[in-house]
Amino acid sequence: MRLQELDTSRRFRAEVLTSRRITPARSPVEVRELELAVPSGMPGCDAGQSVGVLAPGDPELSQAEHLRLYTVADMPQTIDSDRVKLKLCVRRCDYVDRYSGERYQGRASHYLCDRHVGDAVVLTGPYGDIFRLPDDPQADLILIAAGTGIAPYRAFIRRIDDDHPDFQGTIHLIHGGRSRLDLLYQNEVLDDLSQYTTRDRFRATTAVAERPHWSENIDWDAALEPQAEPLRQALLAPHTYVYLAGLEPIRDEIDRVLGKTFGSIETWARRKAELIAGGRWHELLY
Ligand SMILES: Cc1cc2nc3c(=O)[nH]c(=O)nc-3n(C[C@H](O)[C@H](O)[C@H](O)COP(=O)(O)OP(=O)(O)OC[C@H]3O[C@@H](n4cnc5c(N)ncnc54)[C@H](O)[C@@H]3O)c2cc1C
């Protein structure tokens with residue numbers, strides 16, 4: 001999805017209802033959940049879709065506005081006849097300019113994280129494909145996410161629970177964060193994912209870095225190796241659908257680990273190509 005090509009002509013003024021930090025104060029990572037009241041005239045958002053946020057642009061660059069996308073982090077709820085509640089899960093981002101070496105604040109994420117209750121936010125969209133539930137009620141789902149990539153799955157699992165009581169497949173959530181503190185929706189501040197679904201066939205695997213304070217990456221190997229064979233069988237089964245969400249590097253990391261699970265990168269690449277060709281591999285990467 002190229003930002004420059006998105007149609008932003010229809011804009012909607014949302015209002016911040018709540019904003020709360022969902023990583024503990026002692027975590028170096030600040031992620032906030034914002035609840036926004038959105039006019040009901042805005043097209044409906046579904047699991048897997050994102051809304052555009054128009055933050056004020058950088059005057060030094062003569063930029064009027066700064067557009068960034070945020071995935072809906074729950075199914076929208078009706079507030080009243082005029083308004084719908086949307087949840088976003090926003091990580092406060094900083095980045096280091098690769099030429100100057102200077103640290104900058106991410107414009108849209110800081111803007112959103114600094115909004116207060118009652119403030120207005122201009123939204124566009126929604127954009128992107130909806131996570132569709134397979135027609136087969138016995139299908140198994142493997143949902144893999146790191147960091148804020150968990151957001152669309154909260155909406156997806158909620159939709160399955162609310163709208164598809166006949167769905168009998170297993171949902172296997174594989175969820176990574178740098179540390180236990182940063183494991184969104186499964187940490188000491190907010191732990192709703194463990195109780196999120198009432199279904200029996202829900203499994204969660206969590207992955208963290210071995211030494212997060214040394215800025216190590218998420219140790220997917222340690223999390224997935226103990227269940228390598230069941231995972232391989234699930235990925236070979238004809239009714240398994242895989243979803244992958246979060247920052248782009250997760251794709252290579254998961255390919256590397258599944259390459260080990262399948263005995264070689266080439267064997268896994270062949271299987272993955274079959275999953276893609278069969279419409280059973282979905283990505284929401286950024
Ligand atoms: C389809 C889509 C869905 C997205 N959904 C979400 C979401 O639900 N929550 C969310 O926080 N962000 C999400 N993002 C990322 C978001 O759009 C912004 O790119 C991010 O907030 C940084 O924007 P900025 O203006 O603050 O900083 P920028 O000036 O754009 O730069 C920020 C720096 O932070 C890095 N970065 C971007 N996003 C993240 C992240 N989530 N975690 C760690 N580092 C990051 C970038 O690589 C860049 O180096 C999504 C992006 C896309 C394309």
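Each reported figure results from applying straightforward, stated rules to the coordinates on display, with no laboratory input. Given the structure is predicted, the values throughout are model-derived calculations rather than measurements. Cβ atoms come from the backbone with ideal geometry, glycine included; neighbour counts cover every protein chain shown.
Structure above, values below:
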| read-out | value |
| --- | --- |
| Radius of gyration and maximum dimension Dmax of the chain, Cα, Å | 19.3, 56 |
| Kirkwood hydrodynamic radius (C-alpha pairs) into Stokes-Einstein, segment 157-216, 37 °C and 0.692 mPa s, D in µm²/s | 255 µm²/s |
| For the chain, share of DSSP beta bridges that run antiparallel, in % to the nearest 5 | 60 percent |
| Beta bridges by DSSP in segment 113-205, antiparallel share as percent, to the nearest 5 | 0 percent |
| Packing-based order for 230-239, 37-46, using average beta carbon neighbours within 10 Å, highest first | 37-46, 230-239 |
| Of all DSSP beta bridges in segment 165-286, antiparallel share, percent nearest 5 | 0 percent |
| Set of lysines with alpha-carbon distance to Lys260 below 20 Å, sequence-local pairs under 8 removed | Lys272 |
| 13 Å beta-carbon shell around Met1, net charge (K/R +1, D/E -1) | -3 |
| Coarse-grained scattering of segment 3-126 at q = 0.20 Å⁻¹, given as base-10 log I(q)/I(0) from a Debye sum over alpha-carbon atoms | -1.19 |
| For Glu253, Glu225, Glu283, order by how many other beta-carbon atoms lie within 10 Å, fewest first | Glu225, Glu283, Glu253 |
| Per-residue Cβ neighbour rank within 10 angstrom, fewest leading, Leu141, Leu285, Leu54 | Leu285, Leu54, Leu141 |
| The chain: most fluctuating residue of Gln186, Gln63, Gln105 per GNM, C-alpha cutoff 10 Å | Gln63 |
| Amide H contacts of Arg68 (H built 1.01 Å from N, under 5 Å, at least 5 apart or other chain) | Val53, Ala55 |
